[in-house]
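This report concerns only the one structure given below.
The values are calculated or read from the model by the stated rules, or taken from the named source; none is laboratory data. Just so we're clear, the structure is a prediction, and the values are computed from it rather than from any experiment. Please note: Cβ atoms are built from the backbone with ideal geometry, for glycine as well, and neighbour counts cover all protein chains shown. To get the accessible areas, we keep the full protein, side chains included, count just its heavy atoms, and leave off ligands, DNA and RNA. Shrake-Rupley method; radii C 1.70, N 1.55, O 1.52, S 1.80 Å.
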Amino acid sequence: MIKRLKKAVAIVCAMLLLYPSHSVDAKVQTDLLRIGLITEFSQKSSLKLADSSITIGYSVTSNYKEVATINSTTGFQFQATTKYYAKSTNTYSTYEQAKTMATTLKKNYSVNAFVGLFSNGDIRVMIGESASENALKTVISKVGNAFGLTFKSVGADNGHRVKTIGSQDEILYDGSGKNGYPQIAPVIAQKDGAKVLTIGDKQYRGRMEIGRYGKTGVSAVNVVSVDDYLYGVIPAEMPASWHEEALKTQAVVARTYAVNKGGFASDSNATAPYILNDTTASQVYKGYQREENSTNQAVDATKGEYIYYDDKLIDATFFSTSGGATANSEDVWSGVVPYLRGVSDIYELEPEKEPWILSYTSSEIQSKLKAKGQDVGTVTNVIEDMRTDSNYLYSLKVQGKTKSITLQKSIIRSYFNTPSNKFKVITAKDTPDQVSILSANGKESKKRIQNCSILSASGTIKGSETTEEQFIVMGKDNLSNYPKKAPASGTYYFAGMGYGHGVGMSQSGAKGMAKAGYTYKEIIEHYYTGAKVLKNS
């Protein structure tokens, strides 16, 4: 049948217009992930936790060991520091012992003194916070050998020192060593029992690691269990109002993607603090405040379930909208991935991204190419060069007075900011809504869709809707788009469907399949050829 989409008109012309990674073993002891909160909390001069009570400790071999619980009526400020400090040559067995000594030095010798943390179990007393090494020497001599202590300079800034300030505590920590950065855990539970940390105006489950990682500013890394992470991912990646089978599909896909890409890890790493982040470069992650009951239930209902191919976790890529069919991996990136095959996506009848048209003049195309280092001179023509089996544009040729170039795969999207590669190039000479009609006697003829009729719920009515931009026709294994008009001379329309790279699961398609009665496992096995959903023990 022919369906009507938003901003698209479904038509009836004739009877025959449409045709009948790396792998990670998830079975490990920990289920913790490290997520870089780069959207708002990366490379800042300071970050603040609004919580009144936190624990501070270390994760070593994935086990969290608490050093102290500290309280503050004003929250906790974490700031990068490049000052000069000296540490006591002796260590303390507890945080409170070091804090007591620091308080005594500060009171009796009028010096800046506070607790220093260097790695698991390495608790010191720090003095200084001086502007230079010479100024620090003065502070060291002022303290002398008080209480039998001796102090040694820790040297110039190493890109890893962070100062924590609360109403009752000051701590200097240095994350340059192995497992060197401490992690902060929440103490006070919410009404629903969840324990979260509040950073800025956002809340997150799990622990928070705030470090410099060799940079000038401080950045936050959320150390969180995979399902607590998914609670903040699923509603950010898929509307919580969608069908429960679609939400469960997204939960299993997102769980598989995260563990395959990032791997389970919780210990700090001074040079590579995270692999996954909270943006579309990994998966969008909004934390506790974005959670919804429906998406949390989808995560819980699929707990422990991952997607496997040949006994290995798959690279569970996904995207918003396909426009009727997904793409083969090699048609977008490099290399054939056996489970990332292009498949029909004809249930995508309510696309999250509606059919679209971009309009570019010849001079605009020339400018875009020039900005990428490709100067072809005055553009004389833009030609569809090659298409994939899924009808994605594989290569695009741009002819200019100076030279011609051919762009391929994802480079096309990069150069022209197209939502997807499933588009047609329409010129002033085209009749874009003209289609081939095969009559009952086998004769083929050309007919304009605008001159056809629209099939409505009440019967066939005359004419087409002139306000619509494109006609969408459903075939047996794909959708086709037909812009209703051509551009003016010197202008090119890029008229397309879909949003994203097109490889793996279409979220809009999953929504349609769920509404059509498919289960989440059936949906997953449709999009990932030969893959299976398995539950880890």
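Look at (1) on the phi < 0 side of the Ramachandran plot; (2) surrounded by fewer than 18 Cβ atoms within 10 Å (Cβ to Cβ); (3) out of contact with any Ser or Thr (no Cβ under 7 Å at 6 or more places or on another chain) and you find that ARG448 fails only one, number (3). Selection within the stretch 145-186: residues that are farther than 29 Å from ASP51 by Cβ and out of contact with any Ser or Thr (no Cβ under 9 Å at 6 or more places or on another chain). The member of this set that is surrounded by the most Cβ atoms within 10 Å (Cβ to Cβ) is SER153.
Would it be correct to say that ALA265 is farther than 21 Å from GLN190 by Cα, among the small types (Gly, Ala, Ser) and open to solvent by 30 Å² or more (accessible area, probe 1.4 Å)? Full working, then the answer.
Working: farther than 21 Å from GLN190 by Cα: yes; among the small types (Gly, Ala, Ser): yes; open to solvent by 30 Å² or more (accessible area, probe 1.4 Å): yes.
Yes: the conditions hold for ALA265.
Scanning the stretch 271-316 for residues that are within 25 Å of TYR347 (Cα to Cα), under 16 Å from the mean Cα position of the chain (by Cα) and open to solvent by less than 10 Å² (accessible area, probe 1.4 Å) gives GLN283, ALA316.
Give me a count of the residues in the stretch 47-59 that are open to solvent by 40 Å² or more (accessible area, probe 1.4 Å) and either assigned to a strand (DSSP E or B) or closer than 18 Å to HIS160 by Cβ (or both). Outline the logic, then answer.
We begin by selecting, within the stretch 47-59, every residue open to solvent by 40 Å² or more (accessible area, probe 1.4 Å); these are 48, 50, 52.
From what's left, either assigned to a strand (DSSP E or B) or closer than 18 Å to HIS160 by Cβ (or both): 48.
Count: 1.
At least 3 residues that are among the polar types (S, T, N, Q) in each: list the strands (runs of 3 or more DSSP E) lying fully within the stretch 159-244 that qualify.
Of the strands (runs of 3 or more DSSP E) lying wholly inside the stretch 159-244, those with at least 3 residues that are among the polar types (S, T, N, Q) span 219-225.
Could you tell me which residue of the stretch 368-422 is farthest from PHE319 (Cα to Cα), considering only residues that are hydroxyl-bearing (Ser, Thr, Tyr) and open to solvent by 50 Å² or more (accessible area, probe 1.4 Å)? Before you say what the answer is, go through the steps one by one.
Going residue by residue through the stretch 368-422, those that are hydroxyl-bearing (Ser, Thr, Tyr) are 378, 380, 388, 390, 392, 394-395, 402, 404, 406, 410, 414-415, 418, 420.
Restricting the remaining residues to those that are open to solvent by 50 Å² or more (accessible area, probe 1.4 Å) gives 378, 380, 402, 404, 406, 410, 414.
Numbers: THR378: 35, THR380: 34, THR402: 37, SER404: 32, THR406: 26, SER410: 14, SER414: 16 Å.
My answer is THR402.
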